[in-house]
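All of the numbers you see were taken from the coordinates with simple rules; none came from a lab. The structure displayed is predicted, hence computed values, not measured ones. Cβ placement follows ideal geometry from the backbone for every residue including glycine, while neighbour counts extend to all protein chains displayed.
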Amino acid sequence: MSPRAGSEVLLSVKNLVAGFDTGEGRVRAVDNVSFDIRRGEVFSIVGESGSGKSVTAMTILGLLPTVKVDNGEILWRGRDLLKVSDAEMRQIRGAEIAMIFQDPLTALNPVHTVGRQVAEMARIHQNMSKKHAMTRAIDMLDLVGIPEARKRASMYPHEFSGGMRQRAMIAMAITCDPDLLIADEPTTALDVTVQAQVLEVLLDIKDNIDSAIMLITHDLGVVAGLSDNVMVMYAGRQAELGTVDEVFYETSHPYTLGLLRSIPDLEGPFGQPLVPIEGSPPSLIDRPSGCPFHPRCSMARNPGPCTTDIPELVQIGTTAHVSACHFASEVSVAL
Amino acid sequence: MTNPPHVDGIEISPTGALPAELPHTSQPVGLWSDVWRRFRDNKLAVAGLVFVFLLILVAIFADVIAPYSITERDSSQFRSGPSSDHWFGTDLIGRDVFSRVVYGSRVSLRIGIVSTLIAMVIGVFLGAFAGFVGRWPGALVMRITDIFLSVPYIVLAIAIATVFGRSENSVIVVLGLTGWLGVCRIVRASFMQLNNMEYVEAAHALGFRGRRIMFRHMLPNSLQPIIVYGTIAIGSAILAEAALSFLQVGPQDPTPAWGLMVSQGKGDLANAPHLVLFPGLAISLTVLAFVLVGDGLRDALDPKLKTR
């Protein structure tokens with residue numbers, strides 16, 4: 001799996017700043033985030049809960065009415081999604097950018113048959129007749145590996161198992177051949193054996209319809225196995241961005257390092273304790289001064305720039321690998 | 001784990017549901033046949049349903065069932081008790097009470113059903129709008145609801161009867177315009193809950209229009225309380241119609257409205273109790289029947305709610 005540097009840039013997010021107003025003040029859920037997604041790649045966003053992963057994705061689709069975008073651009077094939085009309089946005093949602101939700105148990109409507117829900121996509125975005133749309137739906141269900149798709153299309157979601165439902169969700173998302181699939185923790189609610197199958201389906205589909213996948217997850221194993229590029233987020237900011245190999249083997253941010261160290265090592269000696277990242281994520285209303293990660297960082301220098309200056313993204317080496325750490329060059333030495 | 005037993009994921013249900021609840025190979029069990037199976041077990045609800053069914057037949061075939069017309073007078077019998085000629089006796093001016101009660105079912109059912117339909121349509125639309133859109137437009141709708149709640153329907157009925165005259169249709173209008181408040185609140189609450197469901201979010205994310213999401217995706221999910229409330233509301237509307245007729249703001253004589261018949265007979269309660277008894281019984285049984293059916297539907301539609 002290599003990043004396809006030459007292929008078309010589908011989505012380009014530039015300096016995105018977005019947040020919500022709460023009773024206690026403005027929460028900057030996404031703070032100065034920039035990245036590109038190219039056709040054919042799997043782009044992963046990882047981070048703890050509340051790090052701004054999902055808000056970033058939902059903002060791209062304009063799905064959070066309470067989120068206000070303060071700055072930045074979201075360029076979808078050259079068009080700024082922050083400026084298009086509601087009607088245009090509806091055309092893009094589902095037809096060009098489709099989303100796969102986290103919990104397949106609740107993401108399908110219990111009162112309609114699965115086939116009808118998949119067919120509805122073709123009906124509203126491609127103006128297909130009922131009959132054609134249903135044929136298309138059955139083809140899609142077949143494509144995502146649902147056995148006896150014709151029969152299962154007339155069943156209701158409660159008659160499907162979790163993995164089957166997630167497959168049906170994927171079928172819905174790909175019905176209109178979207179260019180980008182946003183998968184928000186698509187396997188979190190599934191059993192481990194089913195997870196692998198669903199991810200495999202997702203990858204197959206991606207190549208099949210020649211799209212890109214934006215994968216939001218906190219499972220680093222999934223990231224390592226599937227992604228081309230990875231963005232690590234912390235407290236709404238980018239910590240590190242690069243190819244999987246760069247981020248995993250030339251780690252240049254102490255937070256990424258902490259995440260990697262906290263994974264249990266199956267090949268290491270038995271009984272070895274896990275290495276957690278001490279402390280908890282900062283409040284987004286009352287941010288720490290300087291680097292948002294410094295209170296939990298084992299490498300932070302106090303007094304030093306860590307407590308006073310917000311680190312900018314610096315380039316590591318000669319590739320597009322960037323890290324927001326004042327001492328980025330020293331991190332990989334500690335590896 | 002050397003041999004994962006269920007590779008396909010069909011047999012594994014992450015919710016821990018028993019395999020018996022996931023009929024993979026058999027025909028899917030329809031929701032409504034399931035509801036009917038549970039409804040059937042409730043004897044009172046079935047009795048109510050049978051009564052409602054009979055009442056509808058009586059209303060349809062009133063011409064055949066009633067031995068006399070609603071205005072036909074027997075000049076030899078005033079206020080006489082039940083007899084073989086006049087099963088429910090005769091009223092103050094010699095009209096057959098049985099025939100009038102039979103024809104009265106048409107009045108009650110028409111007013112009950114049509115006014116409830118009007119109320120349901122208004123309530124569902126406003127409630128869906130308030131719950132789906134929320135924020136200030138939603139709040140505005142709810143304040144309007146509060147204003148309507150503070151006006152007794154009887155006052156409104158008297159006002160409308162004064163303007164449009166006393167007729168069945170003005171009763172329908174009054175009950176339709178005052179009956180939507182409950183549905184509106186139920187639908188709003190249900191929509192607010194559904195707004196947070198992932199399948200509604202998913203529908204937005206997949207580019208569905210607001211209207212389509214409201215009526216195709218959310219409304220069917222809040223149908224259960226609407227059906228239950230609507231059934232009971234028909235009973236309430238029939239009761240309200242009787243009250244309005246009793247207060248002489250409903251339909252006028254010779255319309256055989258049950259409430260009006262009770263009202264006309266109340267002066268002679270000691271001498272001719274049958275004048276109040278039969279129409280009164282008709283009102284009570286009809287209202288009871290609708291309430292029983294509604295309760296039965298509630299239990300059948302949502303077995304978790306059943307507290308017995």
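For the reader, a short list of remarks on this structure follows.
- Pairs of lysine residues in the protein assembly as shown - Cα separation under 16 Å, sequence separation of 8 or more or cross-chain: 7
- Here the spin labels are modelled as points 7 Å beyond Cα on the Cα-Cβ line, and at A:ILE285 and B:PHE164 they lie 5.2 nm apart.
- Close amide H partners of B:ARG95, meaning residues 5 or more places away or on another chain with modelled amide H under 5 Å apart, are B:ASP74.
- Hydrodynamic radius of segment A:9-227 per Kirkwood, over alpha carbon pairs, in Å: 17.8 Å
- Couplings for segment A:104-114, taken from phi via the Karplus curve 6.51 cos²θ - 1.76 cosθ + 1.60 with θ = phi - 60°, read x, 6, 10, 8, 10, 6, x, 9, 10, 5, 4 Hz in order; Gly and Pro are left as x.
- Percent antiparallel among DSSP beta bridges (both partners in segment A:9-227, rounded to 5): 55 percent
- Label-to-label distance, A:VAL275 versus B:ARG37, with points set 7 angstrom from Cα along the beta-carbon direction: 5.7 nm.
- For the protein assembly as shown, adding -39500 (n - 2.57) for each run of n ≥ 4 DSSP H residues and dividing by the number of residues yields -15000 deg cm²/dmol at 222 nm.
- Histogrammed with a bin width of 20 Å, the alpha carbon distances of chain B distribute as 26, 47, 21, 5, 1 percent, first bin at zero.
- 5 angstrom amide H check on A:MET99, placed H, neighbours 5+ away: A:GLY94, A:ILE182
- Contour excess over end-to-end distance, with Cα ends at A:SER49 and A:SER298 and 0.36 nm allotted per residue: 87.5 nm
- Close amide-amide hydrogen proximity is noted between A:MET231 and A:SER44, A:ILE45, A:VAL46, each under 5 Å apart and 5 or more residues distant or on a separate chain (H modeled in the peptide plane; Pro and chain starts excluded).
- Residue by residue, segment A:182-197 carries 3J(HN,Hα) couplings of 9, 10, 8, 6, x, 10, 4, 8, 9, 5, 4, 5, 6, 3, 4, 5 Hz when phi is fed to the Karplus relation 6.51 cos²θ - 1.76 cosθ + 1.60 (θ = phi - 60°); x denotes Gly or Pro.
- Normalised by 2.2 N^0.38 Å, where N is the number of residues, the C-alpha radius of gyration of the protein assembly as shown stands at 1.30.
- Modelled FRET efficiency - R0 25 Å, B:GLU72 with B:GLN248, Cβ distances, 0.05 increments: 0.60
- Charged neighbours of A:ARG301, selected by a Cβ distance under 12 Å, balance to -2 (K, R count +1; D, E count -1).
- Segment A:HIS132-A:ILE310, extension gain: residue separation times 0.36 nm, minus the distance between their alpha carbons: 58.6 nm
- Per residue of B:194-200, other chain Cβ atoms within 10 Å of the residue Cβ number 5 on average.
- DSSP beta bridge pairing in the protein assembly as shown, given as percent antiparallel to the nearest 5: 60 percent
- Distance cut-off 14 Å, percentage of C-alpha pairs in segment A:200-252 lying past it: 57 percent
- With each label modelled as a point 7 angstrom along the Cα→C-beta vector, the B:ARG212-B:LEU140 pair spans 2.7 nm.
- Karplus 3J(HN,Hα) series, Hz, for segment A:256-263 with 6.51 cos²θ - 1.76 cosθ + 1.60 (x for Gly, Pro): 4, 4, x, 4, 5, 6, 7, 7
- Of the trypsin sites (Lys or Arg not before Pro) found in segment A:21-96, those that fall in a DSSP loop while having at most 15 other beta-carbon atoms within 10 Å are A:ARG77, A:LYS83.
- Once the Cα atoms are used to define both axes, helix B:153-164 deviates from the longest principal axis of chain B by about 60 degrees.
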